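Student: Once you've had a glance at the structure underneath, I'll fire off some questions.
The values are calculated or read from the model by the stated rules, or taken from the named source; none is laboratory data. All of these numbers come straight from a predicted model, not from anything done at the bench. Cβ sites come from the backbone with ideal geometry, for glycine too, and all protein chains shown count toward neighbours. What goes into the accessible areas is simple: the full protein's heavy atoms, side chains included, and nothing from ligands, DNA or RNA. Shrake-Rupley method; radii C 1.70, N 1.55, O 1.52, S 1.80 Å.
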Amino acid sequence: MISASQALRFAAVALALWWSAVTQVAATELMLDDSRLDDRQRRISFELITQVRQHLPPGFLSALERPVELAWSTRLPPQVIGRAGVDGRILLNRRWLSSLVVGERVDLFAARNHGSLQAELLATIIHELAHLYDRARVGPPGQQMMLRRCRWQKNSVGTVGLARQCRGNAERRHTFSDDPRLLDLAGWTEQVGGRGERFDASDQPDRSPDAYEQTSPAEFVAVNLEYFLLDPAYACRRPALHAYFARHFGWAPASLPCDQGVAFVRGGLSDDQAAVGSIDPARVYAVHYLLAEPNRNWASRWGHSMLRLVICAPGRDPGPDCLLDLDHHLVLSFRAFVNALQLSSWDGLTGEYPSRLFILPLSRVVDEYTRLELRGLQSIPLKLDAHQRAALVRQAAQLHWSYDGRYYFISNNCAVETLRLLRIGTADERLTGLESVTPVGALQLLDAQGMADPAVLDDRRAAMRAGYYFDSHRERQEAMLEVLEDELGLRFDHVEQWLEHPADARRALISQVGQRGAAALLLLEQAAHDRQVLLAQQALLSDYLSQAEALQEAGMMMQALVGKSTYFSRPAQVLDRGYGLPQPEEIAVLEREASARKLEWQALADELENRLPDLLAPERRAELEGARRNLALIAERLRALHRQNGGLTLP
């Protein structure tokens, strides 16, 4: 027999256990206000709630602050499907209830991709639950309001971040929409030197499932949670975000199998390569920091940062020999897309140029820098494991299809964006907090963190043989210039002085050289010709507006050429369906459209090149035609000397 006091204690414990169970159930409840529903409306509404529960991650509802009640309302604006109130209720627009009950097809959601009315309502409830989940993880209501005000406080340069008086609460932020990793993936990029401040708009507007995700980080979370839970292809279309949500919940819904490769539109006009390519992350043997060395031009005086993907040729197992497969290597290069016809230093400083991620063949990049710009290329291996390399490739592909940023020569240039891609793509802790606005400085930071080893360049000849260094043609041209100086008794301070020498003055030397000098002269004259072509193009681009009618017509052709070339850097313009990384059903459309645009671009470029000499100022045309004539005369001189020497070739 127990005493009365023991009985009272036992009853109190039992009551406490019962109350705990009741409150736990209540806290996880998703309820329906059915007071104004008939039996059919009530049944279809409960079916909708059941579907919601089936799609939510385990423990999702238990993380909310209170039970959630759903109600059909006549007070919502016509275009609003549903909305979560401050009281934790979710209101659904009653205008759709009758259509839902009878299964009527409603074509009202062209901007969204969920399909049927039932799917849209299901997505809407999940979307609003995501907002409640996001709010519940902040803390007390007072802290919620404070952090919301802090989060969206702008400063004078258009960035957002915590105000000084709010920074003390920064460590207590626990929402999705405040998580730096999520903001990185979503495209709310951090400002260099801004102490956590970020731009007030996402820089990834393309290939979006719903433009509403661009309005704020909170809406980005809610929209993407819809697709994470409802679209089996989400893991293939937005793999990094899928991994983020799966890691957060410790769970992921069933997904479709994904292709190993990721599609991209190939930059450049090589006839022997398709317009659309694919990168298999498993075949990327290494990633190099690729540095174009500085030159004297104002826009290039700090160098240029890029990443080189060392991709193995088909049939070759990943290993050091993949460094020999140069034709398969690709370069990731952030560049200002200059859609105006002249480069403005002020526009570059103020962010008027779009910043795009180009994916280019290594051979084109080497030719561009070493032959045309006379700049060497350093290719420094980065210490990344296979998982990091694969994640980096997927993040680069995501940016290739979605990114449209602003290029600032000082604060958001190639060095800043390359470091950001490395940090977000690899999630390597060594990159946290690293900032550099110069390409050389970025390499020094990577070296200091033990991620790069510039020592591969210590032996320059060995580096060139191994593919770690691509030398500028300047050294070859200077060597040829020394041959001419020795043979003819000439003296030039540097190779640029020779290249700036008038074409008719260079022509006078052709008849004076022997076979060795003629060979040297051929290489130098080819460089002079290439330089004249570049100068002619630049002159035409910068002066066409003030010239005659014929030149204005050429300017229109150049504007069209620039416009048609945007698909190299912003390939989302080629596809009008889907979101995220293109999937197999979209790639066939992409290949047809990109190939057609490439042919149009080539035809326009060829037409403009053929008309170029007739559109130039007389002195510029004379130099260009003079260089072409010199090349023909040097070739003729070499043939004559070859015959005189009995057909013998140079040693």
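Student: Hey, does the range 441-448 have a residue that's closer than 30 Å to residue 190 by Cβ, charged (D, E, K, R) and open to solvent by less than 60 Å² (accessible area, probe 1.4 Å)?
Tutor: Within the range 441-448, none of the residues are closer than 30 Å to residue 190 by Cβ, charged (D, E, K, R) and open to solvent by less than 60 Å² (accessible area, probe 1.4 Å).
Student: Can you name the residue in the range 568-622 that is open to solvent by less than 20 Å² (accessible area, probe 1.4 Å) and of a type in the set (Gly, Ala, Ser) and, of all such residues, is modelled with the highest pLDDT?
Tutor: Step by step, filter the range 568-622, then rank; the result is 580.
Student: Sticking with this structure for a sec: Can we say residue 115 is at pLDDT below 85, open to solvent by less than 80 Å² (accessible area, probe 1.4 Å), under 16 Å from residue 51 (Cβ atoms) and assigned to a loop (DSSP other than H, G, I, E, B)?
Tutor: Working: at pLDDT below 85: yes; open to solvent by less than 80 Å² (accessible area, probe 1.4 Å): yes; under 16 Å from residue 51 (Cβ atoms): yes; assigned to a loop (DSSP other than H, G, I, E, B): yes.
Criteria met by residue 115.
Student: Tell me which residues, restricted to the range 395-428, are over 18 Å from the mean Cα position of the chain (by Cα) and modelled with pLDDT of 95 or more.
Tutor: 428 - this is the single residue of the range 395-428 that is over 18 Å from the mean Cα position of the chain (by Cα) and modelled with pLDDT of 95 or more.
Student: Could I ask something else about it? Restricting to the range 486-519, and then to whatever is among the aliphatic types (A, V, I, L, M) and part of a loop (DSSP other than H, G, I, E, B), can you tell me which residue is modelled with the lowest pLDDT?
Tutor: Only one residue tops the list, namely 490.
To keep it simple, each residue is scored yes or no on (1) modelled with pLDDT of 95 or more; (2) open to solvent by 20 Å² or more (accessible area, probe 1.4 Å).
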site: 199; (1), (2): no, yes
site: 205; (1), (2): no, yes
site: 227; (1), (2): yes, no
site: 230; (1), (2): yes, yes
site: 241; (1), (2): yes, no
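So that you can scan it fast, the table gives a plain yes or no per residue for (1) touching a residue at least 60 places away in the same chain (Cβ under 8 Å); (2) assigned to a loop (DSSP other than H, G, I, E, B); (3) out of contact with any His (no Cβ under 7 Å at 6 or more places or on another chain); (4) over 16 Å from residue 133 (Cβ atoms):
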residue: 178; (1), (2), (3), (4): no, yes, yes, no
residue: 203; (1), (2), (3), (4): yes, yes, yes, yes
residue: 206; (1), (2), (3), (4): yes, yes, yes, yes
residue: 209; (1), (2), (3), (4): yes, yes, yes, yes
residue: 224; (1), (2), (3), (4): no, no, yes, no
residue: 229; (1), (2), (3), (4): yes, no, no, no
residue: 236; (1), (2), (3), (4): yes, no, yes, yes
residue: 243; (1), (2), (3), (4): no, no, yes, yes
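Student: Report yes if residue 416 is among the hydrophobic types (A, V, I, L, M, F, W, C), surrounded by 21 or more Cβ atoms within 10 Å (Cβ to Cβ) and touching a strand residue (DSSP E or B) at 6+ places or on another chain (Cβ under 9 Å), otherwise no. Show your work before the answer.
Tutor: Details: among the hydrophobic types (A, V, I, L, M, F, W, C): yes; surrounded by 21 or more Cβ atoms within 10 Å (Cβ to Cβ): yes; touching a strand residue (DSSP E or B) at 6+ places or on another chain (Cβ under 9 Å): yes.
Yes.
Student: Mind telling me which of the residues 491, 516, 507 ends up being open to solvent by 30 Å² or more (accessible area, probe 1.4 Å) and either touching a strand residue (DSSP E or B) at 6+ places or on another chain (Cβ under 6 Å) or within 22 Å of residue 617 (Cβ to Cβ) (or both)?
Tutor: None of the others qualify; the one that does is 507.
Student: Considering only residues that are in contact (Cβ under 8 Å) with a residue 24 or more places away in the chain, on the phi < 0 side of the Ramachandran plot and not in a helix (DSSP H, G or I), which ones fall in the range 449-485?
Tutor: The answer is 451, 452, 453, 468, 469, 470, 471, 472.
Student: Shifting gears a bit: It is to be established whether one or more residues within the range 543-554 are modelled with pLDDT of 80 or more and open to solvent by 60 Å² or more (accessible area, probe 1.4 Å).
Tutor: The answer is no; no qualifying residue exists.
Student: Just one of the numbered conditions (1) open to solvent by less than 20 Å² (accessible area, probe 1.4 Å); (2) in contact with a strand residue (DSSP E or B) (Cβ under 9 Å, 6 or more places away or on another chain) is not true of residue 470; which one?
Tutor: Going through (1) open to solvent by less than 20 Å² (accessible area, probe 1.4 Å); (2) in contact with a strand residue (DSSP E or B) (Cβ under 9 Å, 6 or more places away or on another chain) one by one, residue 470 breaks only (1).
Student: When you check residue 22 against the structure, is it modelled with pLDDT of 75 or more and assigned to a helix (DSSP H, G or I), yes or no?
Tutor: No; evaluated as a whole, the condition is false for this residue.
Student: It is to be established whether one or more residues within the range 283-292 are open to solvent by 10 Å² or more (accessible area, probe 1.4 Å), part of a loop (DSSP other than H, G, I, E, B) and not aromatic (Phe, Trp, Tyr). Write out each step before concluding.
Tutor: Going through the range 283-292, the residues open to solvent by 10 Å² or more (accessible area, probe 1.4 Å) turn out to be 283, 285-286.
Now narrow it down to the ones that are part of a loop (DSSP other than H, G, I, E, B): none.
Looking through the range 283-292, none of the residues is open to solvent by 10 Å² or more (accessible area, probe 1.4 Å), part of a loop (DSSP other than H, G, I, E, B) and not aromatic (Phe, Trp, Tyr).
Student: State which residue is most open to solvent (accessible area, probe 1.4 Å) when the search covers only the range 62-84 and only residues that are part of a strand (DSSP E or B) and within 18 Å of residue 120 (Cβ to Cβ).
Tutor: Among them, the one singled out is 83.
Student: Taking the options 13, 106, 86, 101, name whichever one is β-branched (Val, Ile, Thr), modelled with pLDDT under 90 and farther than 28 Å from residue 224 by Cβ.
Tutor: Within the list 13, 106, 86, 101, the selection yields 13.
Student: In the range 298-309, is there at least one residue being part of a helix (DSSP H, G or I), of a type outside the set (D, E, K, R), modelled with pLDDT under 90 and open to solvent by less than 70 Å² (accessible area, probe 1.4 Å)?
Tutor: yes
Student: Looking at residue 313, is it touching a helix residue (DSSP H, G or I) at 6+ places or on another chain (Cβ under 8 Å), at pLDDT 95 or above and surrounded by fewer than 19 Cβ atoms within 10 Å (Cβ to Cβ)? Break it down into steps so the answer makes sense when it comes.
Tutor: Numbers: touching a helix residue (DSSP H, G or I) at 6+ places or on another chain (Cβ under 8 Å): yes; at pLDDT 95 or above: yes; surrounded by fewer than 19 Cβ atoms within 10 Å (Cβ to Cβ): yes.
Here the answer is yes, as residue 313 does meet what is asked.
Student: Search the range 27-61 for residues being farther than 17 Å from residue 98 by Cα and open to solvent by 70 Å² or more (accessible area, probe 1.4 Å), and hand back the single one that is farthest from the chain's Cα centre (by Cα).
Tutor: 31
Student: Is there a residue being at pLDDT 95 or above and under 18 Å from the mean Cα position of the chain (by Cα) anywhere in the range 331-341?
Tutor: yes
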